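Reading through the structure tokens given below for one structure.
The values are calculated or read from the model by the stated rules, or taken from the named source; none is laboratory data. As the structure is a prediction and not an experimental result, all values here were calculated from the model. In this analysis, Cβ positions are derived from the backbone assuming ideal geometry, glycine residues included, and neighbour counts consider all displayed protein chains. Surface areas here come from the heavy atoms of the whole protein model, side chains and all, with no ligands, DNA or RNA. Shrake-Rupley method; radii C 1.70, N 1.55, O 1.52, S 1.80 Å.
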Amino acid sequence: MAQYQTGQKRMLLAYMKAHSEEALTIEEWCRRLQAEPAPASVPGKSTVYRMMPRLVEEGLVRRFVKENSRTFLYQMVCGEHCDRHLHMKCSVCGKLYHMEDEDSEALFRQVLKKHHFQMDEGKTVLFGQCEGCAAEEGRDEE
């Protein structure tokens, strides 16, 4: 069945794509959208709450749990074949990195061979600290 794409959905996706390095709550996405000088088709809060689970299901947006909380963050996943490689998310700055396809495939094969466990590429995210944040933390400790 074809998906009907409303102007509001296109606007939300375009805005999230323009800010794809940010992971925000639905409330934060709504506040940001409302602050934009945009046409009257800015989606309302209830519309965004309705759309976001569908966008996650479609693989266009990832949902993360905010550290040690019950709060969910949503982030646009951009790039070709995003459901076929792993992503690495910095727990400090929130930036989402794409692991190269070859590296992802090697890790998938190794886990399957050694642990007899097949990972879901589209839902698996490695959390840690990016190089920039690790360097900042190192400078703070000096």
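The table below lists the values:
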{"read-out": "The chain, accessible surface, carbon-and-sulfur percent (1.4 angstrom probe)", "value": "50 percent"}
{"read-out": "Förster radius 30 Å - calculated FRET efficiency between T6 and R70 (Cβ-Cβ, nearest 0.05)", "value": "0.50"}
{"read-out": "Reachable lysines, given that their alpha-carbon falls under 21 Å from the alpha-carbon of K95 and they are not under 8 places away in the same chain", "value": "K17, K66, K123"}
{"read-out": "Gained length - L13 relative to R84, 0.36 nm times residue gap less alpha-carbon distance", "value": "23.5 nm"}
{"read-out": "Convex hull (Cα only) mean projected area of the stretch 91-139, reported in nm² to one decimal", "value": "4.2 nm²"}
{"read-out": "Relative packing of peptides 115-127, 11-23, 95-107 - highest average C-beta neighbours within 10 Å first", "value": "11-23, 95-107, 115-127"}
{"read-out": "Relative pair counts by distance (%), Cα atoms of the stretch 18-142, 10 Å bins", "value": "11, 35, 32, 17, 4, 0"}
